[in-house]
Ligand code: SF4
């Protein structure tokens with residue numbers, strides 16, 4: 001058994017919450033228990049010896065009020081040196097925290113209904129809920145109540161606190177596929193068969209160093225079965241998932257070995273106690289694969305405006321300004337997307353231009369080009385596993401390339417990570433960069449480590465449903481912008497109007 005498996009047996013992971021006040025009072029974390037802090041959404045940032053922590057905060061149903069966003073901004077300002085990231089699981093991330101700060105931060109979050117239970121660790125992570133829920137005319141069902149119930153039933157639940165590895169669930173409402181079901185352990189995808197709205201269930205998606213796209217379980221379930229089926233699948237993974245080798249512990253490996261049909265049998269027989277109806281023969285029609293960008297009509301005549309952050313990074317001043325704008329132009333609510341962006345819904349058509357102009361002043365204008373379609377992970381700035389810088393480098397690249405390629409007529413998705421772990425999914429982008437290092441000799445003959453990127457081309461969880469092709473060469477970090485520019489320029493020179501990179 002790995003160390004973490006032993007640790008989980010010694011202390012039920014969610015009991016770490018009971019120890020946090022003690023660690024905070026002492027200003028010190030028991031080094032033997034430090035890995036369990038992940039279950040509270042907290043873990044050491046790089047360099048670990050400096051003692052600073054990062055924290056991930058779930059946003060259940062992906063919707064929050066302006067007042068809640070102001071509380072989040074206050075935490076980032078008071079404790080996080082003004083840094084605030086929107087993650088690609090619709091969560092927020094703080095940095096530069098000390099253990100002494102954690103109790104007050106948790107209290108502040110609780111006052112506005114946010115929490116960190118299971119934001120990291122071997123348990124049910126943030127449930128991705130369609131950010132278009134309740135808004136979009138193409139929506140088949142408003143999935144917010146289901147996402148809230150899923151979060152309430154599985155997340156932070158002691159029954160699921162000791163899974164073999166992390167476990168990701170998404171619930172998607174429209175054929176835009178904004179819930180990225182292909183790369184979740186369970187993806188519930190709403191669609192309609194013979195006039196009946198239900199969910200096609202996908203299992204075993206996950207990226208990391210070895211990427212697997214989810215496969216259909218072969219069932220079609222009613223909305224009122226979603227939580228029960230989610231619990232059954234999670235239970236089957238808890239009991240049957242592999243625990244010896246953490247690199248082979250995700251559900252994707254179990255699905256690969258058993259196949260979806262046998263896994264379905266186990267779920268039905270041992271966990272549900274009844275058979276599920278078979279799913280439709282063909283999966284739902286696909287679009288998208290990137291964020292639903294820009295200004296979009298709601299079914300009630302209002303509009304939702306998806307604003308583009310730069311690789312998810314905002315700050316307290318921008319967050320407060322967004323809260324003000326949501327109150328002034330919308331109904332005082334905002335949403336987070338699974339692409340490090342945010343949304344202000346419920347905007348009157350005649351007010352859209354004014355809102356967009358205000359967002360532009362904040363450098364958060366809705367962009368269908370590079371800023372809105374590029375995501376990057378934490379990287380060497382804070383991540384202990386990182387091999388390369390990520391966010392700052394990509395931000396510089398966007399600043400340089402965006403004006404030049406503002407004429408792109410389709411979204412061009414760039415996902416970049418600082419190592420092979422794929423937190424920002426380099427395998428499913430038009431242009432995916434995976435951070436690595438190579439050793440080379442400098443002019444004096446001394447060996448130096450150089451940051452480089454492996455390149456993955458034309459992956460898609462939208463139209464094409466395929467992993468990107470890994471190229472043989474590597475791109476030195478110093479030439480990242482130049483390389484990206486060439487790929488986009490070449491694409492523009494050879495494409496027909498409206499043709500996507502994947503096509
Ligand atoms: Fe860290 Fe690697 Fe994940 Fe990036 S992909 S956040 S570098 S573990």
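Quick rundown of the values:
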read-out	value
Residue count, the range 95-114 (criterion: in contact with a helix residue (DSSP H, G or I) (Cβ under 6 Å, 6 or more places away or on another chain) and outside any loop (DSSP other than H, G, I, E, B))	8
Restricting the range 246-264 to residues that are surrounded by fewer than 17 Cβ atoms within 10 Å (Cβ to Cβ) and either within 24 Å of the chain's Cα centre (by Cα) or in contact (Cβ under 8 Å) with a residue 60 or more places away in the chain (or both), the residue that is nearest to residue 123 (Cα to Cα)	246
Filter result (surrounded by fewer than 18 Cβ atoms within 10 Å (Cβ to Cβ) and in a helix (DSSP H, G or I)) within the range 25-41	25, 26
Test set (1) closer than 26 Å to residue 379 by Cβ; (2) in contact with a strand residue (DSSP E or B) (Cβ under 9 Å, 6 or more places away or on another chain); (3) part of a helix (DSSP H, G or I) - residue 317 fails condition number	(2)
Condition check for residue 487: in contact (Cβ under 8 Å) with a residue 24 or more places away in the chain and more than 25 Å from residue 87 (Cα to Cα)	yes
Only listed residue being under 29 Å from residue 423 (Cα atoms) and surrounded by fewer than 16 Cβ atoms within 10 Å (Cβ to Cβ), chosen from 354, 338, 317	317
Filter result for the condition that a residue is at pLDDT below 95 and under 30 Å from residue 402 (Cβ atoms), over 284, 295	295
Any hit, the range 460-468, residues being away from the ligand (no atom under 11 Å from the Cβ), part of a strand (DSSP E or B) and more than 24 Å from residue 54 (Cβ to Cβ)	yes
Those residues of the range 91-145 which are on the phi > 0 side of the Ramachandran plot and touching a residue at least 60 places away in the same chain (Cβ under 8 Å), in sequence order	118, 121
Flag if residue 452 is farther than 27 Å from residue 52 by Cβ and under 22 Å from the mean Cα position of the chain (by Cα)	no
Lone qualifier among 44, 13 - being surrounded by fewer than 22 Cβ atoms within 10 Å (Cβ to Cβ), at pLDDT 95 or above and within 22 Å of residue 92 (Cβ to Cβ)	44
Filtered residues of the range 198-242 (kept if assigned to a helix (DSSP H, G or I) and in contact with a strand residue (DSSP E or B) (Cβ under 9 Å, 6 or more places away or on another chain))	223, 225, 226, 228, 229, 230, 233, 234, 237, 238
Where a residue in the range 375-387 is closer than 16 Å to residue 86 by Cβ and at pLDDT 95 or above and its partner, wherever it lies, is near the ligand (Cβ under 6 Å from one of its atoms) and not in a helix (DSSP H, G or I), with Cβ under 6 Å and at least six apart	377/417; 377/418; 377/423; 379/386; 379/418
Only listed residue being in a helix (DSSP H, G or I), at pLDDT below 95 and over 28 Å from residue 207 (Cα atoms), chosen from 49, 77	49
Residues of the range 426-440 satisfying the condition of being touching a helix residue (DSSP H, G or I) at 6+ places or on another chain (Cβ under 9 Å), touching a residue at least 24 places away in the same chain (Cβ under 8 Å) and not in a loop (DSSP other than H, G, I, E, B)	427, 428, 431, 432, 433, 435
Any chance residue 443 is away from the ligand (no atom under 12 Å from the Cβ) and either in contact (Cβ under 8 Å) with a residue 12 or more places away in the chain or within 20 Å of residue 372 (Cβ to Cβ) (or both)	no
Test for residue 300: is it more than 24 Å from residue 126 (Cβ to Cβ) and not in a helix (DSSP H, G or I)	yes
Residue 267 vs. criteria touching a strand residue (DSSP E or B) at 6+ places or on another chain (Cβ under 6 Å) and crowded, with 17+ Cβ neighbours inside 10 Å	no
Selection within the range 184-197 - out of contact with any helix residue (DSSP H, G or I) (no Cβ under 7 Å at 6 or more places or on another chain) and assigned to a loop (DSSP other than H, G, I, E, B)	184, 194, 195
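The values are calculated or read from the model by the stated rules, or taken from the named source; none is laboratory data. The shown structure was predicted, so the numbers you read here are calculated from the model rather than taken from an experiment. Glycine also receives a Cβ, built like all others from the backbone with ideal geometry; neighbour counts cover every protein chain displayed.
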